[in-house]
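Rule-based calculations on the coordinates, nothing more; no lab input. Please read all numbers here as calculations on a predicted model, not as lab measurements. Here the Cβ is made from the backbone with ideal geometry for all residues, glycine too, and neighbour counts use every protein chain on show.
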Amino acid sequence: MIQRFFILCSGADTAILENCSKGEQNKYAGIGATVFFTAVMAFIASSYALFTVFDNVYTSIFFGLIWGLLIFNLDRFIVSTIKKRDSIKSELLQAAPRIVLAVIIAVVISKPLEMKIFEKEINQVLLEQKNELTLANKDQIALQYDPEIAGLNQDITTLKNEITIQEAETNALYDTYISEAEGRAGTMLLGKGPVYDEKREKHDAALLELQQLKTTNNEKIAGIETQIAGLDIAYNGAVTDSQPIIDGFDGLMARINALGELAWFPSFFIFLLFLAIETSPIIAKLLSPKGEYDYKLEEEESIVRTWITQKVAQRELVLATDMEMNNKIYSDIKSEEELYRYKKQKAEELLRLQANAFHDIQIENL
């Protein structure tokens, strides 16, 4: 039962193979088993690859099953269409496009399984890439807010500098009127005279202006700091909103690229393994000598080819004979006087009827 199933997978003609030896049946059962298990591996690989895309088990299994059946059908077709020839060169030419197709299938099957085998290493590479993307994303978003924040900070610095300058001027006026009172500057007279009062008034006026300036500038600084806080909130919100996109950077293409970042040697040998599995039925048929099945299949094809050739030749001969007989018959009829007179009479009647019909139409038009 199992052998019959694997023979069916090999694409061989079961009617012919049943009349062959056990060894020939075992050979094609082995080829069919290779085709079947390659399709199973294709199903597993595609299911995993699709799971990274859809993130749903049932959807991945459904489409993975379709892909496995497709690979099974392709492999079965490839193996069943390779026939043993008398020339090695003709066999290689026949197998060349099928080997190319087998290589493509091996690549498609091996890549998802490589991603599963090296999943931990790929996750590490993806983590590093996500961290780099996060930093780059923050820097890119900061470019939208940093110029405005820098301008606002410059405004705060300017307002604080105005207060500092005004304080320095007020302190200088304070030192001036104190020195005048102590007799260390100005009139050099100890005591509070008219000059002292004048300088004291200037200081008091400057102090009042300083207090007003502090009040005004502090209110402006508080408003600017509120704007800066709002920009900081907007920046953090933009970073938070864009982070899920970076966190979701682990799809199929990202994993394939991450796999390319790893050492090529193990991945290459896994690919060679699947390439060997995929091409083994083809190589087996090319290397093995003509067997009993090949001779019987060639005989069946020869019978059909000869029968079709015979039928085509017979139809061509019937056609040629029929055309020759028709030519001879019409050639003989051409020389018949009675037929000539009959056709002449009918032509004259037709011409009379046409002339009468034309005459009637002319009369109606008048």
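Between Gln310 and Phe77, what FRET efficiency follows from the Cβ-Cβ distance if R0 is 30 Å, with the result rounded to 0.05?
0.50
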Notebook entry, point to check: Can you sort Phe36, Phe6 so the residue with the fewest Cβ neighbours within 10 Å comes first?
Noted result: Phe36, Phe6
Margin query: Can you tell me which of Ile233, Ile71, Ile109 moves the most in a GNM of the chain? Springs connect C-alpha atoms under 10 Å apart.
Written below: Ile233
Notebook entry, point to check: In the Gaussian network model of the chain, springs joining C-alpha atoms below 10 Å, which of Asn153, Asn131, Asn171 carries the largest mean-square fluctuation?
Noted result: Asn171
Item checked: Approximate spin-label separation Ala15-Glu225, in nm, with each point projected 7 Å along Cα-to-Cβ -> 9.6 nm
Margin query: Quick check on the stretch 1-151: take the gyration tensor over C-alpha atoms, sort the square-rooted eigenvalues as a ≥ b ≥ c, and tell me if it's rounded (a/c under 1.5), prolate or oblate.
Written below: prolate
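How big is D, in µm² s⁻¹, for the stretch 308-365 by Stokes-Einstein at 25 °C and 0.890 mPa s if Rh is the Kirkwood radius over C-alpha pairs?
159 µm²/s
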Notebook entry, point to check: Anyone know which of Tyr342, Tyr330, Tyr235 comes out most mobile in the 10 Å Cα GNM of the chain?
Noted result: Tyr342
Check: Rounded, prolate or oblate: which one fits the stretch 241-366, using the alpha carbon gyration tensor with axes a ≥ b ≥ c (rounded when a/c is under 1.5, else prolate when a/b beats b/c, else oblate)?
Finding: oblate
Notebook entry, point to check: Just from its helices, what would the mean residue ellipticity at 222 nm be for the chain, if runs of 4 or more DSSP H residues each count -39500 (n - 2.57) and the sum is divided by every residue, rounded to the nearest 500 deg cm²/dmol?
Noted result: -32000 deg cm²/dmol
Item checked: Packing-based ranking, highest mean first, of 347-360, 135-148 given that Cβ atoms within 10 Å are counted -> 135-148, 347-360
Notebook entry, point to check: By how many nm would the segment from Asp241 to Lys343 grow when fully extended, if each residue of separation counts as 0.36 nm and the alpha-carbon distance is taken off?
Noted result: 27.0 nm
Next item on the list: Give the label of the value calculated from the structure for Kirkwood radius over Cα pairs in Å, choosing from (1) 32.4; (2) 22.7; (3) 24.8.
Entry: (1)
Next item on the list: Please sort 315-328, 244-257 by packing, taking for each peptide the average over its residues of neighbouring beta carbons within 10 angstrom, highest first.
Entry: 244-257, 315-328
Next item on the list: Order the peptides 57-70, 278-291 from the highest to the lowest mean number of other Cβ atoms within 10 Å of their residues.
Entry: 278-291, 57-70
